[in-house]
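The values are calculated or read from the model by the stated rules, or taken from the named source; none is laboratory data. Predicted model only: the values in this text are computed from it and were never measured. Every residue, glycine as well, gets a Cβ built from its backbone with ideal geometry; the counts of neighbours run over all protein chains shown.
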Amino acid sequence: MKRASLGRFMVLGFFLTYMLLPLLATVAFSFSVRWDRTILPEGLTLDWWQAVVERRAFLLTLRNSLFISVGAMFFSVLLVTPTAYWAHLRVPQAKPLIELLTVLPFGIPGVVLALALLRSYARLGAAIVYSPWMLIAACMVLALPFMYRPVANALAALNVRALTEAAQMLGASWVTTLTRVIAPNILSGVLGGALLVFSTVFVEFTLANLLVGARFKTFPIYIVEFTRFDARQASALAAISFVVAWLTSLAIIWVAGSASRGRESLGPR
């Protein structure tokens with residue numbers, strides 16, 4: 001028994017080291033004066049952090065990335081949740097085809113997706129093709145597997161047909177059934193998918209660079225620009241990107257939890 005516990009702790013320790021060590025090294029490098037001749041950094045400084053946050057492009061690109069990430073997350077929830085519910089309830093035989101379509105983005109490189117969108121919608125004009133809304137649509141396609149799978153798993157754990165029939169017997173419409181009966185029961189799946197979409201889109205570089213580029217510069221593009229002349233400033237931006245994504249995820253979880261607790265407090269007593 002002790003050997004099994006020791007083995008689990010070793011595996012967990014190795015996994016945490018493997019995941020956290022690159023992040024900690026990146027943060028340490030962003031504070032270092034110099035780190036290329038010794039094992040440890042040669043002095044610490046805040047100059048690199050000050051240099052990146054004082055630029056006007058810092059807040060601009062951060063705002064743009066948050067806009068794209070939140071937009072893709074919001075529209076993905078609106079699109080995938082009703083579709084997955086309808087397919088699970090009405091056409092369960094189509095689920096294999098839907099699952100096949102949702103995993104296709106894993107096999108399509110971002111470059112191919114961006115060029116396909118540019119060729120397909122070129123006749124609509126540059127104002128639409130190279131707009132942030134097109135980037136949001138492209139990111140929704142890219143993050144589709146991360147949104148669909150958690151929602152589908154949450155629906156599979158429910159007796160969706162029984163809940164729907166009970167709600168309809170009480171006079172609920174299809175929209176009311178979805179929003180007041182089904183959605184609260186699959187909130188964990190919807191929330192998990194939304195967080196995956198947000199974290200995926202927030203760091204997406206290829207689609208942003210090809211579709212909008214300097215017209216609507218995002219935070220990943222800003223980071224890549226710094227890697228060309230100062231890796232320490234790029235490391236500071238990478239650390240900021242992680243912290244922003246982490247805090248935003250916590251905020252989304254808190255808002256969803258507050259809404260859930262509010263519904264419970266208003267329920268029957």
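Remarks
- Each residue in the stretch 61-87 was checked for being among the β-branched types (Val, Ile, Thr) and surrounded by fewer than 17 Cβ atoms within 10 Å (Cβ to Cβ), and 1 pass.
- Selection count where residues are surrounded by fewer than 21 Cβ atoms within 10 Å (Cβ to Cβ) and among the hydroxyl-bearing types (Ser, Thr, Tyr), scope the stretch 223-239: 1
- Enumeration of residues in the stretch 129-180 that are within 30 Å of residue 200 (Cα to Cα) and small (Gly, Ala, Ser): 131, 137, 138, 143, 152, 154, 156, 157
- Number of positions in the stretch 1-60 that are within 29 Å of the chain's Cα centre (by Cα), of a type in the set (D, E, K, R) and surrounded by 10 or more Cβ atoms within 10 Å (Cβ to Cβ): 1
- Residue in the stretch 203-220 that is modelled with the lowest pLDDT, counting only those that are small (Gly, Ala, Ser) and on the phi < 0 side of the Ramachandran plot: 214
- Condition met for residue 263 (farther than 21 Å from residue 139 by Cα, at pLDDT below 85 and touching a strand residue (DSSP E or B) at 6+ places or on another chain (Cβ under 9 Å)): no
- Of the residues screened, residue 77 is one that is closer than 30 Å to residue 144 by Cα and either assigned to a helix (DSSP H, G or I) or touching a His at 6+ places or on another chain (Cβ under 7 Å) (or both).
- Looking only at the stretch 16-68, and only at residues there that are small (Gly, Ala, Ser) and part of a helix (DSSP H, G or I), the one that is farthest from residue 232 (Cα to Cα): 65
- Within the stretch 23-81, being under 30 Å from residue 152 (Cα atoms) and either touching a Lys or Arg at 6+ places or on another chain (Cβ under 6 Å) or without any contact (Cβ under 8 Å) to a residue 12 or more places away in the chain (or both) holds for 74, 78.
- Residue check, residue 137 within 18 Å of residue 212 (Cα to Cα) and in a helix (DSSP H, G or I): yes
- Check on residue 162, free of Cβ contacts under 8 Å to residues at least 24 places away in the same chain and not in a helix (DSSP H, G or I): no
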